[in-house]
């Protein structure tokens, strides 16, 4: 049987507000347990939530960023369940009337086409705390630092047909929210957590199969692998005539498999009802317009502009744009050097390579945009060959100074002077009679290959400073005149 | 022992005595503390006495007064209902669940009164989590009515009402979710006001039903209530439902002039459910107001009879969520040796909550359950709007609405405890006011068989002034609010 995969995603996005959604506590990651939990976060008797306006603005930014309809009157609801890390015994969420309503998010796929993903809704809610099981021997600990951190839960329609699409969506979402400045999107720290609803159906069928939900997958790679494993699992069951149980599953990365967490049949009845401690969020057109005016250039627009303004290829633009900082770095280098294409090449090539090896983000790059532009200027004006440029790049990375200082200190200026070049060529030819004889005996195609030996020797002698283009011309002329 | 002149003095008179230094706050405070000491064994109205702190606060108030500073409430002693969180002072909410709970913060009401220089004497007993109309559900034992210690004081602010009636404090705070200020005020013969929803901040008040809860003053007169209401009212950014409305000086609005005031009498409040002797007393009070220039107008509140059913879906539903935090994990009662997490939850809550609280949690949980939500919670929300609309249309033709505060006088202990619905009927005239978010007060209207009766006055939203003024007029023209139980005779 050929199965079609049908998936919808729910992403829990931590909003990068300074304080929590209903209290004044800090949302900083990594503090000691429970130091960032006040009486509201602890659910102490008599405490009341007060809505953080910044969380509302971030949610509206997101809605406008994906072109969704903004709920003019959205309401908080209580979602009731008992859990030790849920201090009030209910989570304040939005069930009936979310702040972001339907929209379509255009996800760029690797072939450059756009994949429209329908967004069902996105709603504000508070995060729960964390249960800690590995500190005390007989008891569990509870850390409520995270309790009350604002989350935007973004729900899609079942529009995904394979893992690549799901990952492309998550990457595009990550890019969008970092552009909007509403989240750091850090999956490893839990700022972006993904639930995947997966079902299979016979190819051509219109009805949906029974789905399983894989909870809390926290990296792009795990999303891809979890989907593959789950699709295999469901296909095996269906192929052997079995049925899928509707349930919640976990992806275990170590064993690379999904496994059952709890069955939906015994799942909680959350008994949602409107939160009486908070007023409805009323959003008028003026507010929406003001937020819209404050939106930065978003990834899709930036991609188009990099292509038209800098004549970059679609491929380079697609690589530069997702990381807001990389795109900004590129524009800065391009502006300062006046050479966009080399700027893109250096950033996507040597700089990205060096950053990856050092495990640094571009924000932490030891080479500033200004420094890299200085290097490109010296290549463009012929001072540096590409070979010398790599040495200067090395010097810049080691913080040896500006490009010009490194050229001076390391003596890396490209030599184009005919007299000096001629001396190097003559010395090398006369020092290598055997290779010269071979060269002279060879035919045209072989000669080309053998000339490389002389170039290498001359570069060595000149410590890489010989202008390669002029050197090559001079060398061939000299060799061919030797007979 | 505090002399009877001081004991019966109004806030204005006490203020006069304090500012002229004829009496000090410390003397006043000690006098009331002695009285609590003398009477509380009999009444069980006060669960925590803060003697040392009170005397210290009184001295500080005296310093302010000596410097010519302070305001109308500076140096005046007061008791808080034990539902208000008080920093460093045990706050039990009448429950075993919070028997040892000491908040690290003051409720806004407490903080505002503290800032005004009021001296807190202690905390008053109450029905557990404010769920009850007789004060029999308190984990700390029932409060006795000072008019007859075989009878209940009403509830849930029964400790507050009894303490006030017995002269343990000149001012007390209460909260009212369905009648919890007005019904005990009625049964104990004192004045109690439930303000408009949003008038007084709920921050730091232990929640029962968030959309209905409202704190208010209880005192010996409408004028004294007005003083306290001015001090506790007003926007609090810590409570999103608190109203951004100007707060008048409620005392200065008491002109005593009610000529032309149109008072609506709902036919539904004066039907056969009402005890005939209580009705006679309520009518004589209304006749007094008529004599003072008011007009009595018959009106209809056609959906009144749905109020109890509506209330007993919505309030328990909200309570079921509000009380979920008492799970034995972070604070409050925890059972001994829990076998696992579920056992911890089950036993902590079964042992920590009393029967009535558990009943309401179960009712509320049921009403919100999948498949029942529309039939119960949603329907009740709709009826709530209809009940509000009844009042809105009635207020087209009248300025205030009047009726009884309770269907009868104080009843003996145990009389209604085995029959929850009979107990719920105690609030038949008060619940709708909470559902509609309106201000309402109860003012004494004489005695039936030696027990107090209350007249309830209901106002338009944020128009506490008009009902306070009408009660003030009645208190100028009658002595009902001056009647005192002979509790000392019982003690002696």
Hey, what did the range A:297-410 get for relative contact order, percent, Cα under 8 Å, at least 6 apart? 20 percent
Pairwise over distinct Cα atoms, reciprocal of the mean inverse distance: report the Kirkwood radius of chain A in Å, one decimal place. 26.9 Å
Would you report the distance distribution of C-alpha pairs in the range B:1-83 as whole percents per 5 angstrom bin, up to the bin with the largest distance? 3, 15, 26, 24, 19, 10, 4, 1
What is the Rg over Rh value, at two decimals, for chain B, using alpha-carbon atoms and the Kirkwood definition of Rh? 0.95
Quick P(r) readout (the range A:297-410; Cα-Cα; 5 Å bins; whole %) gives 2, 13, 24, 23, 19, 11, 5, 2, 0
Using alpha-carbon coordinates, inclination of helix A:299-310 to the longest axis of chain A, degrees: 20 degrees
If packing is taken as the average count of other Cβ atoms within 10 Å, what order do B:291-297, B:270-276, B:410-416 fall into, highest mean first? B:410-416, B:291-297, B:270-276
Can you sort A:199, B:134 from fewest to most other Cβ atoms within 10 Å of each residue's own Cβ? A:199, B:134
With Rg and the Kirkwood Rh both taken from Cα atoms, where does Rg over Rh land for the range A:418-480? 0.94
Give me log10 I(q)/I(0) at q = 0.17 Å⁻¹ for the range B:365-467, Debye formula, one equal scatterer per alpha-carbon, no solvent. -0.93
Roughly how many whole Å is it from the C-alpha centroid of the range A:164-241 to that of the range B:346-409? 44 Å
Please report, to two decimal places, log10 I(q)/I(0) for the protein assembly as shown at q = 0.06 Å⁻¹ as given by the Debye formula with identical point scatterers on the Cα atoms and no solvent. -0.59
Sequence ranges A:11-22, B:72-83, B:337-348, ranked by mean other-Cβ count within 10 angstrom, highest first: B:72-83, A:11-22, B:337-348
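Per-residue mean of other chain beta-carbon atoms within 10 angstrom of the beta-carbon, peptide A:47-57?
Whole-number average of other-chain Cβ neighbours for A:47-57 is 3.
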Relative exposure of B:186, A:205, judged by other C-beta atoms within 10 Å (fewest first): A:205, B:186
For residue A:162 and residue A:282, calculate 0.36 nm times their separation in residues minus their Cα-Cα distance, and state this gained length in nm to one decimal. 39.3 nm
Counting only other chains, and only Cβ atoms inside 10 Å, what mean value do you get across the residues of A:83-89? 5
Taking Cα atoms only, helix A:163-180 is inclined relative to the longest principal axis of chain A by an angle, in degrees rounded to 10, of 90 degrees
Can you divide the C-alpha Rg of the range A:360-416 by 2.2 N^0.38 Å and report the result to two decimal places? 1.07
Which order do the peptides A:378-384, B:364-370 take when ranked by the mean count of other beta-carbon atoms within 10 Å per residue, highest first? B:364-370, A:378-384
Average other protein chain Cβ within 10 Å of Cβ, residues B:103-109: 3
Computed over the range A:418-480, the relative contact order (Cα-Cα under 8 Å, seq sep at least six) in percent reads 46 percent
Relative exposure of A:54, A:202, judged by other C-beta atoms within 10 Å (fewest first): A:202, A:54
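Quick one: compute the contact order of chain A, relative version, from alpha carbon pairs under 8 angstrom and 6+ residues apart, as a percent.
Normalised by residue count, the contact order of chain A is 14 percent.
Only bridges whose two residues both fall in chain B count here: according to DSSP, what percent of them are antiparallel, nearest 5?
Given both bridge residues lie in chain B, the antiparallel proportion sits at roughly 65 percent.
The numbers here are math on the coordinates, done by the rules we state, and not lab data. For clarity, every value in this text was computed on a predicted model and none was experimentally measured. Reconstructed Cβ throughout: ideal geometry from the backbone, glycine too, with neighbour counts over all protein chains shown.
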